[in-house]
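Asker: What follows is a structure written as structure tokens; I'll ask about it next.
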């Protein structure tokens, strides 16, 4: 018998909205996002990040009031379910199962909606549960951190950590909609507000030199968390990420390349080595710095461009070195180097790492040599030590 072969083509709409006070009674953004093909108001189950709930205790009642005022649009099946957030919760499947149990309890079907309001870890877990319950229920993301609004929350990936590897279990699932509400960033700590800046620097480095210039010009305002500068950064970063997902020809990463993970091979390993005391954005800042120095040392990137990137990362308030870079295993090998094999294994195929030939222009290599990596690490260490010494001298002068 002859084989049967057919091409299956599936198209998705990836919608990212920007607003303020999404649950204000006069705001129609969520109402428009919920508009579907159901003749009856669909059921909605909302999950809310615990840290956001504590920081903004009026948010949960506001969510309930919005749905009470829009009964013709959707029916909230219960009060928002509070979920623990933070990267550590991604280390146990228990949390995904807990979310799925709520989906089952309230009979959320494929014409209902699961809404996640929170940071990247909560979005990852709720997205994974929504993508696997009933083989996929409609999911709306409301990212509440700078990092999730300009990067992870506007992507199409969900996941949890397993077997000592970041995002080992996960899915690709295009959310029904993403709504970036700038008001939800108000209660973030400076550390969390800053964290998302680095993903904007990342995508500017590999895709858009003009955006890099803009971030440089806005650096002082961004360091002070000036709202308009933050919103410009978030919007353009989200747009560049969405452009890559929709236009790269590989939205579900079937190949061996992940250009949007520039700087991430070391970052993911640093998070693990530090037991997640180094947060994702902070680890990416160090990972980018490491790859920038490596590219300059190996002749791919000119010294002036490398210095611009390192200076911008520092000007935004990030450290570009952590002692975890120096940790070694029982055989004396740098532990961070294991991130290269884990990075390759995550996709399979050849190791593919994105480096820079210039600001705004990324390219791929398939091998990184341990000696220049180690030399790059020590250069970052020395730079960090000089920075500390300069601070001490400055303190004594004043």
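Just so you know, all these numbers are worked out from the coordinates, no wet-lab data involved. Since the model is a prediction, treat every value here as computed from it, not as a measurement. Note that each Cβ is placed from the backbone with ideal geometry, even for glycine, and that neighbours are counted across all protein chains shown.
Asker: To test your reading of the geometry: what angle, between 0 and 90 degrees and rounded to tens, separates the Cα axis of helix 303-315 from the longest principal axis of the chain?
Answerer: Helix 303-315 and the main axis of the chain meet at about 50 degrees.
Asker: Taking the 0 to 90 degree range and rounding to the nearest ten, how far is the long axis of helix 120-132 tilted relative to the main principal axis of the chain, both from C-alpha atoms?
Answerer: Helix 120-132 and the main axis of the chain meet at about 50 degrees.
Asker: Suppose we keep just the DSSP beta bridges with both residues in the chain; what percent of those would be antiparallel, to 5?
Answerer: Working: 11 of 33 bridges.
Looking only at bridges with both residues in the chain, the antiparallel portion is about 35 percent.
Asker: Further question on the same structure: Order these by the 10 Å Cβ neighbour count, fewest first: 11, 237.
Answerer: Ascending number of Cβ neighbours within 10 Å: 11, 237.
Asker: Can you give the translational diffusion coefficient of the chain in µm²/s, computed by Stokes-Einstein from the Kirkwood radius over Cα pairs at 4 °C and 1.567 mPa s?
Answerer: Working: Rh = 22.1 Å.
Reported coefficient: 59 µm²/s.
Asker: GNM on the chain, C-alpha springs below 10 Å: top fluctuator among 350, 207, 13?
Answerer: 13
Asker: Separate question: Return the equivalent ellipsoid semi-axes of the stretch 295-372 as a descending list in whole Å, where each equals the square root of 5 times an eigenvalue of the C-alpha gyration tensor.
Answerer: On the way: eigenvalues 111, 71, 28 Å².
Those come to 24, 19, 12 Å.
Asker: Please report the spacing between the Cα centers of the stretch 109-187 and the stretch 1-61 in Å, no decimals.
Answerer: 10
Asker: Using the alpha-carbon atoms, what tilt in degrees (0 to 90, nearest 10) does helix 197-207 show relative to the longest principal axis of the chain?
Answerer: The helix 197-207 is inclined about 80 degrees to the chain.
Asker: Would you work out if the stretch 229-379 is rounded, prolate or oblate? Take a ≥ b ≥ c from the square roots of the eigenvalues of the alpha-carbon gyration tensor; rounded if a/c is under 1.5, else prolate when a/b is larger than b/c, oblate otherwise.
Answerer: Working: a/c = 1.41, a/b = 1.19, b/c = 1.18.
Rounded shape, in that the Cα axes give a/c under 1.5.
Asker: For the stretch 191-218 and the stretch 277-334, what is the centre-to-centre distance using only Cα atoms, to the nearest Å?
Answerer: So the separation of the two Cα centres works out to 15 Å.
Asker: Please pull out the direction-averaged projected area of the stretch 1-97, using the convex hull of its alpha-carbon atoms, in nm² to one decimal place. Please report the intermediate quantities before stating the final value.
Answerer: On the way: hull surface 44.4 nm².
With every direction weighted equally, the projected area is 11.1 nm².
Asker: Antiparallel versus total DSSP beta bridges in the stretch 16-188: what percent is that, nearest 5? Intermediate results must be reported in sequence, preceding the final value.
Answerer: On the way: 5 of 27 bridges.
Here the share of antiparallel DSSP bridges comes out near 20 percent.
Asker: Only helical DSSP H runs with n ≥ 4 go in: add -39500 (n - 2.57) per run for the chain, normalise by residue count and round the 222 nm mean residue ellipticity to 500 deg cm²/dmol.
Answerer: On the way: 16 runs with 184 residues, N = 398.
Calculated from helices alone, the mean residue ellipticity at 222 nm is -14000 deg cm²/dmol.
Asker: If every alpha-carbon in the stretch 191-255 counts as one equal scatterer, what log10 I(q)/I(0) does Debye give at q = 0.11, 0.16, 0.18 1/Å?
Answerer: For the stretch 191-255, the Cα-only Debye profile gives -0.27, -0.53, -0.65.
Asker: What's the extension gain from residue 391 to residue 7 if we count 0.36 nm per residue and subtract their Cα-Cα distance? Intermediate results must be reported in sequence, preceding the final value.
Answerer: Numbers: separation 384, 0.36 × 384 = 138.24 nm, distance 6.18 nm.
Between residue 391 and residue 7, full extension yields an extra 132.1 nm.
Asker: For the stretch 16-188, just run the numbers: alpha carbon Rg, then divide by 2.2 N^0.38 Å, N being how many residues it has.
Answerer: Working: Rg = 14.7 Å, N = 173, 2.2 N^0.38 = 15.6 Å.
This ratio for the stretch 16-188 stands at 0.94.
Asker: A follow-up question, please. With the Cα gyration tensor of the stretch 153-238 in hand, convert its eigenvalues to equivalent ellipsoid semi-axes via √(5λ) and list them largest first in whole Å.
Answerer: 26, 16, 14
Asker: Still on this structure, please answer the following. Rank-order 126-136, 336-346 by packing density, defined as the average count of other C-beta atoms within 10 Å over each peptide's residues, highest first.
Answerer: Packing proxy ranking, top to bottom: 126-136, 336-346.
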